[in-house]
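A.B. asks: Encoded as structure tokens, here's the structure I'll be asking about.
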Amino acid sequence: MKADQIIKNAKIFTADQCNPQATAFVVKDGKFVYVGNEAGLSAYEGEVTDLGGKFVMPGIIDSHVHITTGVGFEYTDLGVPVMCSTKKESLDFMADYIQKNPGLKRYRFMMERTCLAGEELTKEELDAICPDAEMLVLEGEVHSNWVNSKILEAHGITDETPDPVPELAYFVRKDGHLTGNSYETASWPMLFDSVNELTDEQISTAVLRWLDSSIKYGVNGVFDAGFPEHNQMNERIYKYLQVLDKQGKLPVYVDGCYVLTQPRKISEALEGVKRLNKEFNTEHMKVHTLKIFMDGTLKIETAAMVTPYVDTGVKGATAFNAEQMVEILKELNDAGLDLHVHTVGEAASRVVLDGVELAKKELGDKYHVKVTCAHLWVQDDADLDRFAKLGVTANFTPWWHSGNVGGNPIEYWPTFIGEQRARSMFRCKTMWDSGALVTWSSDEVFYGDFQNWSPYLAMEIGMTRWISKNTRFDESSRTVAAFPPESERMCIEEMLIGYTINGAKQLGIEAKKGSIVVGKDADYLVFDKDLLTAEQEGFSYNKPTEVYFGGKKVN
Ligand SMILES: [Zn+2]
């Protein structure tokens, strides 16, 4: 048989359990037609490439990223960092900046709540230093902000405006009046209100920048977890990716979604995802998944917990309850669609597991929705083995597994969630050993220099659980030691499997992608260094030298 590519003398990690290692393969018409050793090559004609023992693996699948939110941030200034230690100092700093930079339409700042030293910040105080322009102060990893009256007015938000999700995504009120502070989904439309004005050219420039970095890392499959409250923007970006795909210019498989954040939008979202499923179905740009925000984030205590936060005694709330999950799952099941859920706290993943359990009981063999819980910072012990039992995929973001706050995270987290839970975060190995499908992702929303989008950074921290002096990362984020528990560290094979065939299974494309197997797309990467024996510390510096997508070299 005439072949397009014949590779020999390679060290091939196939990600195929039945045939884990190989030294040779053959590609024809973009697919692997032979995988094995050199003895089998005699049946093929064509030029033979001797890789001289180089390491080869399947293309990487990042199973939770935000290409779409990244486009929004590309054109949304995060603001001037405020690093003061009292409310008065913070307000003086911002007032001074506004005075020195007159004439702007909007003033943007970024501040942690600790800068207020326990005091509250109100819209009246922001109005006093910024009466004529809009003012927005961003907080808590983009999950909350404070705004002045001008922004509330522009968005038509009044004392009577209902909260999207009480106790999770809401406008803070005092004596029934808005304070200007809002959380989660209530805050995002104000943060991103200029993105709807982006031109097609701006979108294209940003998307191409992402595409370029993705190819350099050898990431040629992604699940895009969407842009909350901006489904129209998701759609515009997917349309552009679809155009690229039709032109044969999309060397990354993109699996998109429709985002649901609040119960009152359930039926609108189900219609939305069904429509997108029909509209986006080219070879490398598809939508078949509803993405739900079930809770928020630990830092501002919007992550929903089974056991209360230790400092405030609150538990947070989930956006949906188990009955609503059943309703959603049944509709998705009828339409042949899937579900992906943002679940940071214990209670968030529990409500998903409860919903799946109830839906399975009701539908029996007819149930086939693929469900993924993403993030999984804290898990209740009672839920750890339910993922495997219920067939729910556990998606982790390993570059957070150092504790994700720099310095000594094991001194930081106990103040929120107590010592015991702080010592048992990110239990990916326990989950893996329980038989659950575990997948890896970067969950990044900022493009920037794409540093955090690197799967090799994630692999290093997933293996070591710390950011050492040898890690390719900001110096300020370095941690002092491995983040406990050490028993949750993964080995390189598990990192590679989670980033390839397991990712393909999550996306439902395992018949075509995710491993080097006869009949699958020839998506593969060549490295100078053998990743299986590479040093763990400094692993983040790895990068493929050659990237192939459907048998074509794309880097
Ligand atoms: Zn995300």
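A.B. asks: Based on the Cβ-Cβ distance of His177 and Thr533, what FRET efficiency does E = 1/(1 + (r/R0)^6) give at R0 = 56 Å, to the nearest 0.05?
C.D. replies: 0.35
A.B. asks: How far is the Cα center of the stretch 466-482 from the Cα center of the stretch 74-141, in Å?
C.D. replies: 30 Å
A.B. asks: Turning to a different aspect of this structure: Expressed in whole Å with the largest first, what are the equivalent ellipsoid semi-axes of the stretch 218-342 derived from the C-alpha gyration tensor as the square root of 5 times each eigenvalue?
C.D. replies: With the √(5λ) rule applied to the stretch 218-342, the semi-axes are 31, 17, 11 Å.
A.B. asks: If you roll a 1.4 Å probe over the chain with all protein chains in place, what percent of the accessible area is carbon or sulfur?
C.D. replies: Values: 10830 of 21660 Å².
In the chain, the share of accessible area belonging to carbon and sulfur is 50 percent.
A.B. asks: Largest first, how would Thr372, Thr23 line up by accessible area (1.4 Å probe)?
C.D. replies: Thr23, Thr372
A.B. asks: Let me know the charge dipole size of the chain about its Cα centre in debye, to the nearest 20, where only the beta-carbon of Lys, Arg (+1) and Asp, Glu (-1) is charged. Don't skip to the end; give the middle numbers.
C.D. replies: Working: 57 positive and 82 negative charges, 298 e Å.
Value, rounded to 20: 1440 debye.
A.B. asks: Gain in length, Glu119 to Leu208, computed as 0.36 nm per residue apart minus the alpha-carbon separation, to one decimal in nm?
C.D. replies: 27.7 nm
A.B. asks: Measuring from label point to label point, each 7 Å out along Cα→Cβ, what is the Asn470 to Cys18 span in nm?
C.D. replies: Output for this residue pair reads 3.9 nm.
A.B. asks: Where the centroid of each part is defined by its Cα atoms, how far is the stretch 251-320 from the stretch 228-243 in Å?
C.D. replies: 16 Å
A.B. asks: Give the angle, between 0 and 90 degrees and rounded to the nearest 10, that separates the Cα long axis of helix 266-279 from the longest principal axis of the Cα atoms of the chain.
C.D. replies: So the inclination is approximately 30 degrees.
A.B. asks: Based on Cα coordinates alone, diagonalise the gyration tensor for the stretch 408-555, multiply each eigenvalue by 5, take square roots, and list the semi-axes in whole Å, largest first.
C.D. replies: Square roots of five times the eigenvalues give 29, 19, 14 Å.
A.B. asks: Going out from 0 in 10 Å bins, what whole percent of all Cα-Cα distances in the stretch 323-435 drops into each bin?
C.D. replies: 14, 43, 28, 12, 3
A.B. asks: In Å², and per residue, what accessible area does the stretch 246-355 have when probed at 1.4 Å with the other protein chains present?
C.D. replies: Result: 34 Å² of accessible area for each residue.
A.B. asks: Additional query: Which one, Phe109, Thr69, His177, projects farthest toward the positive side of the charge dipole computed for the stretch 59-190 from Cβ point charges (K/R +1, D/E -1)?
C.D. replies: Phe109
A.B. asks: Enter the angle in degrees (range 0 to 90, nearest 10) between the Cα long axis of helix 455-464 and the first principal axis of the Cα atoms of the chain, meaning the one along which they spread out most.
C.D. replies: Approximately 80 degrees, to the nearest ten.
A.B. asks: With a 1.4 Å probe and all protein chains kept in place, how do Glu488, Glu283 rank by accessible area, largest first? Intermediate values should be presented prior to the final figure.
C.D. replies: On the way: Glu488 5, Glu283 105 Å².
Final ranking, largest accessible area leading: Glu283, Glu488.
A.B. asks: Roughly how large, in nm² to one decimal, is the mean projection of the convex hull of the alpha-carbon atoms in the stretch 81-190?
C.D. replies: Over all viewing directions, the stretch 81-190 projects a mean Cα-hull area of 6.5 nm².
A.B. asks: OK, next. Counting every Cα pair in the stretch 127-268, what percent are over 17 Å apart?
C.D. replies: The calculated P(r) of the stretch 127-268 puts 68 percent of pairs beyond 17 Å.
A.B. asks: Using the 2.2 N^0.38 Å rule of thumb for compact globular proteins, work out how the chain stacks up: its C-alpha Rg over that value, please.
C.D. replies: Values: Rg = 24.0 Å, N = 555, 2.2 N^0.38 = 24.3 Å.
Computed over Cα atoms of the chain, the ratio equals 0.99.
A.B. asks: Shifting gears a bit: Rounded to the nearest 20 Debye, what is the dipole magnitude of the stretch 86-193 about its Cα centre when Lys and Arg each give +1 and Asp and Glu each give -1 at the C-beta?
C.D. replies: 320 debye
The values are calculated or read from the model by the stated rules, or taken from the named source; none is laboratory data. Since the structure is predicted, the reported quantities are computational estimates derived from the model, not experimental observations. Note that we place each Cβ from the backbone using ideal geometry, even for glycine, and neighbour counts take in every protein chain shown. Just so you know, the surface numbers come from the protein's heavy atoms only, side chains and all, with ligands and any DNA or RNA stripped out. Shrake-Rupley method; radii C 1.70, N 1.55, O 1.52, S 1.80 Å.
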